[in-house]
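Undergrad: What follows is a single structure, and I will ask about it in a moment.
Read-outs throughout are calculated quantities, based only on the coordinates presented, and are distinct from any laboratory measurement. Please read all numbers here as calculations on a predicted model, not as lab measurements. Every residue, glycine as well, gets a Cβ built from its backbone with ideal geometry; the counts of neighbours run over all protein chains shown.
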Amino acid sequence: MSILFSTFCVIFLLFSLGESVEKVGFETIQAVSASQFKCLASNSTLPYVFVRVGLADGSIDPVGIQNLANAYEGGFNVSIVQILPFFIPSFTTDPKIQLAKIQNALKKTNITLFYLYADINAVKWSSVKSKNQKYLSDLHNAIVLTDSKPGYSTNYSSWNNALGSSFSIDKDYQPNLLWTQNTGKMNYSGFVKFGGWNTPDYHLWKSNVNICGVNVAQVWRDTKANAVQRKSSFFNRLETMK
Ligand SMILES: *[C@@H]1O[C@H](CO)[C@@H](O)[C@H](O)[C@H]1NC(C)=O
Ligand SMILES: *[C@@H]1O[C@H](CO)[C@@H](O)[C@H](O)[C@H]1NC(C)=O
Ligand SMILES: *[C@@H]1O[C@H](CO)[C@@H](O)[C@H](O)[C@H]1NC(C)=O
Ligand SMILES: *[C@@H]1O[C@H](CO)[C@@H](O)[C@H](O)[C@H]1NC(C)=O
Ligand SMILES: *[C@@H]1O[C@H](CO)[C@@H](O)[C@H](O)[C@H]1NC(C)=O
């Protein structure tokens, strides 16, 4: 009886410890060494990192590519500690050419990456929303065709200004959303629906935090957010695009 009871206590303790530690990740664009990444990876609250790999002029971010390698070496190398690369699309560059450059740079690192995020905040768009929508749709289709899972890093005002709040990039395949509204709150309180998203998957909620000597933006993940949904219409469309 007492053995059973203490076993129960241990299991309960483990369970409650696991539950009480809120999983947040981070984003960084400064140069981070492998030993700094090792320090970050040893922090159980930081199971993922967003690393910038492409700049707004359509070029590759060499700091980001090095960070990616360092992150991998530092321990962000298994499925539970993930690297999520992101790039800033260049509106004036052909989406396919731009993407090919990024995929090529990522391929050279030999690291298997599943997601590719496009940062919509910093893009200089045209004043014609339909043109912006066409551009983003082309980029999205190109990402999907390379078998990466697309995600978008944006917020209501950035999306609304460029594309219109009700513009949904892909109704058949709701991509992940990293919501970039600095609310200072580790939840999606204050989220107003846009782009077809009902809730964000990730929330960049606090910038300029120093952890392990690295300036990071803290990213909270909603573990209850809708998983990426791929409808059969999506696969049908994919077939016709190939
Ligand atoms: C671990 O990360 C959290 C943020 O998620 C931070 O508050 C804490 O200071 C970090 N711990 C160490 C030892 O750096
Ligand atoms: C991941 O990195 C850690 C820390 O550098 C290392 O001990 C481990 O062997 C690595 N795992 C893989 C699968 O490469
Ligand atoms: C990637 O793999 C290729 C083929 O095995 C190898 O020649 C190359 O040096 C590797 N690159 C890196 C950055 O490890
Ligand atoms: C939306 O994101 C942009 C770019 O990161 C930022 O400048 C702006 O302040 C954000 N808007 C809000 C309401 O947080
Ligand atoms: C979000 O977090 C803030 C501050 O921690 C809290 O006051 C608020 O109630 C939370 N909102 C939700 C919907 O959980």
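Undergrad: Could you work out the relative contact order of the range 20-241, using alpha carbon pairs under 8 angstrom and six or more residues apart, expressed as a whole percent?
TA: Here the relative contact order equals 18 percent.
Undergrad: Please list 166-178, 54-66 highest first by mean number of surrounding beta-carbon atoms within 10 Å per residue.
TA: The densest-packed peptide leads the list: 166-178, 54-66.
Undergrad: What percent do you get for the relative contact order of the range 46-122 when only Cα pairs under 8 Å and 6+ apart count?
TA: 37 percent
Undergrad: Shifting gears a bit: Among the listed pairs Lys107/Lys129; Lys107/Lys131; Lys96/Lys124; Lys108/Lys131; Lys108/Lys206; Lys131/Lys171, which are separated by more than 28 Å between their Cα atoms?
TA: Lys107/Lys129; Lys107/Lys131; Lys108/Lys131; Lys108/Lys206
Undergrad: Among the trypsin sites (Lys or Arg not before Pro) in the range 90-152, which ones are in a DSSP loop with at most 16 other Cβ atoms within 10 Å of the Cβ? Mind listing them?
TA: Those satisfying the criteria are Lys124.
Undergrad: Rounded, prolate or oblate: which fits the range 20-241, taking a ≥ b ≥ c as square roots of the Cα gyration tensor eigenvalues, rounded meaning a/c under 1.5, else prolate when a/b beats b/c?
TA: Judged from the Cα gyration tensor, the range 20-241 comes out prolate (a/c at least 1.5, a/b above b/c).
Undergrad: Also: For the ranges 179-185, 34-40, 151-157, what's the packing order if you count other beta-carbon atoms within 10 Å of each residue, average per peptide, and put the highest first?
TA: Ranked from most to least packed, the peptides come out as 151-157, 34-40, 179-185.
Undergrad: In the neighborhood of Gly54, defined by Cβ-to-Cβ distances under 13 Å, what is the net charge if each Lys or Arg adds +1 and each Asp or Glu adds -1?
TA: Result for the neighbourhood of Gly54: -1.
Undergrad: Between the range 141-193 and the range 33-98, what is the separation of their alpha carbon centroids in Å?
TA: Distance between centres, Cα-based: 19 Å.
Undergrad: Another one. At 7 Å along the Cα-to-beta-carbon direction for both Val192 and Thr109, put a label point, then send me their distance in nm to one decimal.
TA: My value for the distance between the label points is 3.5 nm.
Undergrad: Describe numerically, in nm with one decimal, the distance between label points set 7 Å from Cα along Cα→Cβ at Lys171 and at Val128.
TA: For the pair Lys171/Val128, the computed spacing is 2.4 nm.
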